[in-house]
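Have a look at the structure below before the remarks.
The values are calculated or read from the model by the stated rules, or taken from the named source; none is laboratory data. The model shown is predicted, which means the values in this text are computed figures rather than measured ones. Note that each Cβ is placed from the backbone with ideal geometry, even for glycine, and that neighbours are counted across all protein chains shown.
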Amino acid sequence: MNVLFVTLDQFRGDTYGAAGHPLVKTPTLDRIAREGVRLERHYSQAAPCAPGRAALYTGMYQMNNRVVANGTPLAEGLDNLALVARRAGYDPTLFGYTDQGLDPNQAEGIDDPRLDGYHGILPGFSVGLYLPESQAGWIQYLRAKGYEVASGWEPSLRGEPSRPAEDSLSGFLSTRFIEWLATQESGWFAHLSYLRPHPPYAAAGEYATMYDPADVDLPIAPADKDRRHPLHEIALAVPESAAPTDVDEIRFLRAQYYGMISEVDAQLGRVVSAIEARNEWDDTLVVVTSDHGEQLGDHGLVEKLGFFPQSYHILGLWRDPRSPFAGRSIRAFSENVDLLPTLADALSVDQPAQCDGRSLAPLFADDTVEWRRAAHYEWDFREFWIGDHTPRWPVDRTLSRHNLAVSVSDELSYVQFSDGSFKCFDLVADPTWRTECDDTDRVLAAAQEQLVWRQQHLRRELTDMLLRPNRPGRWPAPFAGGLSSPDRSPAP
């Protein structure tokens, strides 16, 4: 079995054909959805990129992996997707990036260049194509073809509309994968980590004009000022996160985002065709997801931040050719932390004990199985406050007071802020998250659900173990009709 694990950066869960979008064309993603399982309510667990990917790669919530920002190191000793693949006998190979910073305890001195940023490679991956934030390999390729390209990832990407789509960043990555594929025997594992549809909002080549801004729908307007949380007000005042207020500008921005989606879909189609040409499509497990979503003007915001679902509801596709459940859509809440244990199941290796997620295999087989009743995600916003001041733990705990957690159920969304404030939106009355629930009993139940969620997902790697004579053991089963109690008898 081959494995193709794809991430499309900043991909909203409602902006492709199989999800019912009336405008965006995504024939490749739609095909994968038809041939596999589509997760309708699939959520990232954190934003921005590094925190979102840390949850995806480790199967752990942010409260446990503690990657809270772009630049937070990933702790040494955590298991991850690439290491699971290696234990299954693969040589997992990366095309793109993983955005995981080095634990300083692993550095070769303070001058180790790997401490200069968070664009390191997740431990366990071999490298087929490395594309750090500079996009240096792609820029060199463009210059060799005669293009005049400014240095830096943003200027180079802003020039995408002026170049043919075949020379796009997504095209460059796809071509390098296809070249690598031609040298492989069966039984390969590749992680294709595409940057698009990540901003800047500039689609490649003909995709820049694929969607007429006049045909594009307008975003959800912000709630009235007196009903906004102060954090929402702060985000609206930050130029990088405030959406254009001009109608033509926001329509153009959204049209470019849709164009980027169709372009990366077409490049993924090239990958599928190359696999089919090797007669391996029916032997290839395909997973497609994202690290986080995109506000796209909803609630007056762009990029990925805050507590609204547009930044966390993402696409989730799972196509296993051995599965009899092709074409199934799952309405139950699924999370990116579920993908690592599900992959471990599919590859017949043990799920890491650290995983907060659950294997989706029972849900694929029966969508009425007992499952979580809410999705959860977190956002740490200390960067909005830190300025030039770096508080020192444990004397100054300011940074730890700037985070939030969200629970989304069928009826309510509950947002708990670390300063003690909260928001609870009535999704039955208004699915746009602008109408608050005024029923104190329902609010209390939502708050308790989130508290129980936190209590049930405390880290457990050593907690589930008991030290005993001769060998470590596991906690025994509970006594019938009572609470569990440790077995005090000597180990055999």
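Can you work out which of the residues in region 129-155 that are hydroxyl-bearing (Ser, Thr, Tyr) and modelled with pLDDT of 95 or more is farthest from Ala190 (Cα to Cα)?
First, the residues of region 129-155 that are hydroxyl-bearing (Ser, Thr, Tyr): 130, 134, 141, 147, 151.
So of that shortlist, the ones also modelled with pLDDT of 95 or more come out as 130, 141, 147.
Values: Tyr130: 13, Tyr141: 22, Tyr147: 30 Å.
This residue is Tyr147.
Which of the residues that make up region 418-443 are surrounded by fewer than 19 Cβ atoms within 10 Å (Cβ to Cβ), in contact (Cβ under 8 Å) with a residue 24 or more places away in the chain and farther than 16 Å from Gln310 by Cα? Give the steps one after another, and end with the answer.
If we filter region 418-443 for residues that are surrounded by fewer than 19 Cβ atoms within 10 Å (Cβ to Cβ), which is where we start, we get 418-422, 427-432, 434-436, 438-443.
From the residues that got through so far, the ones that are in contact (Cβ under 8 Å) with a residue 24 or more places away in the chain too are 421-422, 432, 434, 436, 442-443.
Correct list: Ser421, Phe422, Glu436, Arg442, Val443.
Name the residues in region 68-110 that are of a type in the set (Asp, Glu) and over 25 Å from Asp380 (Cβ atoms), would you?
Asp91, Glu108
For the condition out of contact with any helix residue (DSSP H, G or I) (no Cβ under 8 Å at 6 or more places or on another chain), touching a residue at least 12 places away in the same chain (Cβ under 8 Å) and under 30 Å from Arg322 (Cα atoms), what is the one hit in Ala447, Ala374, Ala365?
Values: Ala447 fails: under 30 Å from Arg322 (Cα atoms); Ala374 fails: out of contact with any helix residue (DSSP H, G or I) (no Cβ under 8 Å at 6 or more places or on another chain).
None of the other options fit; the residue is Ala365.
Would you check if there is a residue in region 333-340 being farther than 27 Å from Val67 by Cα and either aliphatic (A, V, I, L, M) or surrounded by fewer than 20 Cβ atoms within 10 Å (Cβ to Cβ) (or both)? Steps first, please.
Residues of region 333-340 farther than 27 Å from Val67 by Cα: none.
Checked against the condition, which is being farther than 27 Å from Val67 by Cα and either aliphatic (A, V, I, L, M) or surrounded by fewer than 20 Cβ atoms within 10 Å (Cβ to Cβ) (or both), region 333-340 yields no hits at all.
Which one of the conditions (1) in contact (Cβ under 8 Å) with a residue 40 or more places away in the chain; (2) assigned to a loop (DSSP other than H, G, I, E, B); (3) of a type in the set (A, V, I, L, M, F, W, C) does Val395 fail to meet, given that it meets all the rest?
(1)
Which helices (runs of 4 or more DSSP H) does region 47-153 wholly contain that include 1 or more residues that are without any contact (Cβ under 8 Å) to a residue 24 or more places away in the chain? Before you say what the answer is, go through the steps one by one.
On the way: elements: 49-58, 62-65, 81-87, 136-144.
Ranges flagged: 62-65, 136-144.
Looking at the structure I just gave you, is Tyr211 within 24 Å of the chain's Cα centre (by Cα), at negative phi and not in a helix (DSSP H, G or I)? Spell out how you get there, then give the answer.
Details: within 24 Å of the chain's Cα centre (by Cα): no; at negative phi: yes; not in a helix (DSSP H, G or I): yes.
Considered against the rule, which asks whether it is within 24 Å of the chain's Cα centre (by Cα), at negative phi and not in a helix (DSSP H, G or I), Tyr211 comes out as no.
Find all pairs meeting these conditions: Cβ atoms under 8 angstrom apart; at least six residues apart or on different chains; first residue within region 350-361 and surrounded by fewer than 18 Cβ atoms within 10 Å (Cβ to Cβ); second residue in a loop (DSSP other than H, G, I, E, B) and charged (D, E, K, R).
If the second residue must be in a loop (DSSP other than H, G, I, E, B) and charged (D, E, K, R), the pairs left are Ala353/Arg460; Ala353/Glu461; Ala353/Asp464.
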